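The structure appears below as C-alpha cells.
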Amino acid sequence: MKKLPREAKYWRKLGVGILAFLVLIIGGMLLWITSLDVSKLESPLSQPSVLYDENGHPASQLSSSRIIPISQKQIPQQLKNAIIAVEDRRFYEHQGVDIHSISRALIRDLISGGLSEGGSTITQQLAKNLFLPSDKTFSRKIKEAAYAIKIEYVLDKDQILVAYLNQIYFGEGCWGIHNAAQFYFKKKVEDLTLEESAMLAGLPKAPSSFSPLKNMDKSLERRNLVLELMKEQGYISATDYEETSSQPILLKQGSEESLTGQYAPYVDYVIEEAINRMGFTEAQILSGGLQIYTQMNPEIQEEAQDVYKDKRFFPDGKEDQTLQSGVIIIDHHTGGIKALVGYRGESIFREFNHATQLKRQPGSSFKPLAVYGPALEKGYTSNSLLNDNPLNINGYAPTDEDHRNRGYITLQEALQNSLNIPAVWLLNKIGIDCGVDFATRAGIPLEDEDHTLSLALGGLTQGVSPLQMAQAYGAFANLGVMNKAYAITKITSKEGQVLFQSQPASVKVTTPAVAYRMTLLLENVVDYGTGRNAYLGRPTAGKTGSVELPPIKEFSGITKGAKDVWFVGYTPELTAAVWMGYDKTDRNHYLTTTGGSGPAVVFHEILSRSLSSTPVVPFEVPSEYVSNQYRDLKQNDQVILQKDSANENNSDESEGPGEDPGEEQDQGQDQDQVKDQDQSQGLY
C-alpha cells in the first residue's frame, strides 16, 4: 500500500483535530444550551384577582404583578402579523436565531465599532426580557442566542408569540399587550383594529420615541411603516394599506379607569378576611386569578371615603401624628359589610385598619350591651328609677361627667344623658354576670379581668373594634338577632370553580321586645341626648362613648381630655360604628372632643348621604311588644309619683321594677370584683 506523503499526513491530522475540536465545541454548546433553565416559561404568569361588589359588578383588582396576561385565542391575527412584520419577518422559519439578521447587525456593529440591538428575533427578545440583564456585551448576546434556541425547543411558535406579547414593554408604564390596549385605546386586545394593532406593534422598538402621547407625528410615521411592511410581506392588501395608513391615530387614553387600587380601604379588609377566616395566603389572593364576590355597596363606600378625605368632619390633628379614625357600616339584616374606612390619610397597602383591627375601650357606648340590655331582660323599663346619688361600692366610686348628682332618675334619662353612676348602680343591682352574659352573647370577647363594675362604663382589658361594636348593635336593630359581620360572599377560580362560599351565621342575643325597647331608648339618645349630632331626619338610634385620659402624672394639669371617642348607631336599614383617636396618646396627642361631636357628625354625614334616596321607614315593632304596651302605660302613670317619693326620702337605693325604693344594698359586690385600675381612667 502506497504511503501518504508526510505533508498529507500532517494536514489529515490537523483536519481531524479541528473536526474533533469543533465537535467538542458544538457538543459543549449543546450540553450548555440543554442545561439552561427556562422553567420560568412554563410557570403561569401572575393572574390578578378581581373583587366584585354586592351587585356582581367588578369593583377592584388585586395584583402583585405589573402584567395582566392574555391567552392565544385573545390575540387577533392582524396583531400577530403586525408584530412579526416589524420585529421578526422570518419568525416561522428560524429556530430562535436568524443568521441573516445577525449577519447584517454584525456588519453594522463592525462599521460603527459598537453593539446594537438589531438582529434579535422575537424569541431572543423574549429571552432577554425573562432571563438576562440589559447590558450590551458579546457574552450577553451569546447567552441570548442560547436561551432562544432552548426556548424554541420547549415552546411552539404561537406560545412564544403569546409569551412575548405578555412580557414586552409598550411605553407609558404599560407592560404587556393587555395593559397597552387598555391604556391607549380603552379596548380589549381581541377588539383592536388593524391600524391600532399596527401602532402598538411599532412601539417596542423605542417606546418613548414612538409614543403617541409624546410625539404623534413620529408615532404615525412608525405605524404606517408597520403597515407598509405588512403589505410587502403579504399580510394586507394594497387597498387595506391605503385605507388604514390615511387614518389618524385616535386615542382614548386616560378615559379608562383602572380597577387597580379602587376602594382600597375595603379591599384591605377583604384580604384580611380571606387570610384570617378562610385560610388563603396573600400570594394566592394577589396572583391566583381569584374572583372575590363581596357585600360592598359601592355608593356607600364612596360616600364613606369622601367623608374621610374631608378635614371639615374631623378635629384638627398634630403635624407629627394624624388624628386617626375608623368607620364600618353593615346591613344588620344579613351581616354584610357594606362599607368601611380604616384610616385617614394616604392609602398604604394593608395599612393598620382602625375599623377592624383596633382594640380600644368603648366608653359609654358599651352601656347598652353591659347594663341596659340585660336590665331590660330582667324587667326594667324606660321608667324604672335608678340612683344618681353619690355612690361608693367597696371603694369603686364612679362620677358623672359633669360631677353633679340628680337623685333618682328614670332609666331613660340616665341613658339619654350618658350618666355613669346610674349605670354602675344598675349593673351592681342586676349582677355583673348578667352584664357579662349579655355582652358575650352580642359577640364581645371578655377577659376574666373584665368581670367588674367598670364593665358598665366600657372599662375592658383588651378593648373592642368598631366592627365588633357595629355587629353587636346590629342585634338591637334586627329585633334581637345578631348576624355576624362578613365581607366575602364567595370566592371562585377564574374558571368559576367555587373555592369558598360564605355561610351567614345568626345568633339570638335577646328577644324582639327587649331589642325594640332598647331601640326606643337609643332613639331618645339621638333625639334629645348626647347623640343629637347623629340625627338624620329619619328614625335613628345610637349611643356615644368617650374614654377620659388616665389620671397619671403625664396628664396632670389637663382638666378635660379624652383618649378615645365613639358613636355607634343604626337606622332601620344600616348599622354603623365610628371611632376617633390617636395611635399613640400622650400629653401632646389627645382629644378635646366627645363621642357626641366628632364621631356622631361623621356618622350623620356618611349615612345621610348614603340613605338620601332611600324611603323613610320606621323601626319594625314586634308583636310581643305591642301586647305589653298596656303594662308600660300603667307603669308610666305611677313613675312620677314614685320618683318624687324616692327623692323626698333621699334613699340610697331603688329596687327593680314594681318594687319600692329604699333598701340599702351599696355593698352588693365583693371587694375582689373591683380592680385597682377601675379608677385609673374615667369613662363616660
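Data for the structure
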item: Meets criteria (surrounded by 13 or more Cβ atoms within 10 Å (Cβ to Cβ), at pLDDT 85 or above, over 29 Å from residue 244 (Cβ atoms) and of a type outside the set (A, V, I, L, M)) for residue 152; result: yes
item: Count - residues of region 469-511 that are in a loop (DSSP other than H, G, I, E, B), within 21 Å of residue 296 (Cβ to Cβ) and in contact with an Asp or Glu (Cβ under 8 Å, 6 or more places away or on another chain); result: 1
item: All positions within region 350-396 that are assigned to a helix (DSSP H, G or I) and over 21 Å from residue 417 (Cβ atoms); result: 377
item: Residue satisfying condition, being surrounded by 14 or more Cβ atoms within 10 Å (Cβ to Cβ), of a type outside the set (S, T, N, Q) and either touching a Gly at 6+ places or on another chain (Cβ under 7 Å) or not in a helix (DSSP H, G or I) (or both), within set 248, 204; result: 204
item: Residue that is surrounded by the fewest Cβ atoms within 10 Å (Cβ to Cβ) [pool: residues in region 155-178 that are within 13 Å of residue 65 (Cα to Cα) and of a type in the set (S, T, N, Q)]; result: 167
item: Segments classed as helices (runs of 4 or more DSSP H), wholly inside region 129-194, with at least 2 members that are more than 20 Å from residue 212 (Cα to Cα); result: 138-154, 157-167
item: Odd one out for residue 502, checked against (1) of a type outside the set (A, V, I, L, M, F, W, C); (2) closer than 14 Å to residue 478 by Cβ; (3) surrounded by 14 or more Cβ atoms within 10 Å (Cβ to Cβ); (4) under 30 Å from the mean Cα position of the chain (by Cα); result: (2)
item: Close pairs (8 angstrom Cβ cut-off, 6 or more residues apart or separate chains): closer than 19 Å to residue 310 by Cα and in a loop (DSSP other than H, G, I, E, B) in region 581-601, modelled with pLDDT under 90 and hydrophobic (A, V, I, L, M, F, W, C) anywhere; result: none
item: Hits in region 271-312 - residues which are assigned to a helix (DSSP H, G or I) and surrounded by fewer than 18 Cβ atoms within 10 Å (Cβ to Cβ); result: 272, 275, 276, 282, 283, 284, 299, 302, 306, 309, 311, 312
item: Count - residues of region 525-545 that are polar (S, T, N, Q) and closer than 12 Å to residue 368 by Cβ; result: 1
item: Qualifying residue in region 298-309 (condition: modelled with pLDDT under 95 and within 25 Å of residue 608 (Cα to Cα)); result: yes
item: Residue 544 being among the polar types (S, T, N, Q) and in a loop (DSSP other than H, G, I, E, B); result: no
item: Selection within region 336-391 - closer than 29 Å to residue 602 by Cα, small (Gly, Ala, Ser) and surrounded by 23 or more Cβ atoms within 10 Å (Cβ to Cβ); result: 339, 342, 355, 363, 364, 365, 370, 373
item: Region 314-370, residues that are touching a residue at least 60 places away in the same chain (Cβ under 8 Å), farther than 23 Å from residue 515 by Cα and of a type in the set (Lys, Arg); result: 318, 350, 359, 360
item: Search result, residues across region 442-468 that are over 24 Å from residue 300 (Cβ atoms) and either within 25 Å of the chain's Cα centre (by Cα) or among the aliphatic types (A, V, I, L, M) (or both); result: 444, 445, 446, 453, 455, 456, 457, 460, 462, 463
item: In region 56-102, the residues that are assigned to a helix (DSSP H, G or I) and either at pLDDT below 90 or not aliphatic (A, V, I, L, M) (or both); result: 72, 73, 74, 77, 78, 80, 81, 87, 99, 100, 101, 102
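Conditions tested, residue by residue: (1) at pLDDT 95 or above; (2) aliphatic (A, V, I, L, M).
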{"residue": "468", "(1), (2)": "yes, no"}
{"residue": "474", "(1), (2)": "yes, no"}
{"residue": "489", "(1), (2)": "yes, no"}
{"residue": "502", "(1), (2)": "no, no"}
{"residue": "530", "(1), (2)": "yes, no"}
{"residue": "544", "(1), (2)": "yes, no"}
{"residue": "555", "(1), (2)": "no, no"}
{"residue": "559", "(1), (2)": "no, no"}
{"residue": "562", "(1), (2)": "no, yes"}
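The values are calculated or read from the model by the stated rules, or taken from the named source; none is laboratory data. Since this is a predicted model, take the numbers as computed values, not measurements. Reconstructed Cβ throughout: ideal geometry from the backbone, glycine too, with neighbour counts over all protein chains shown.
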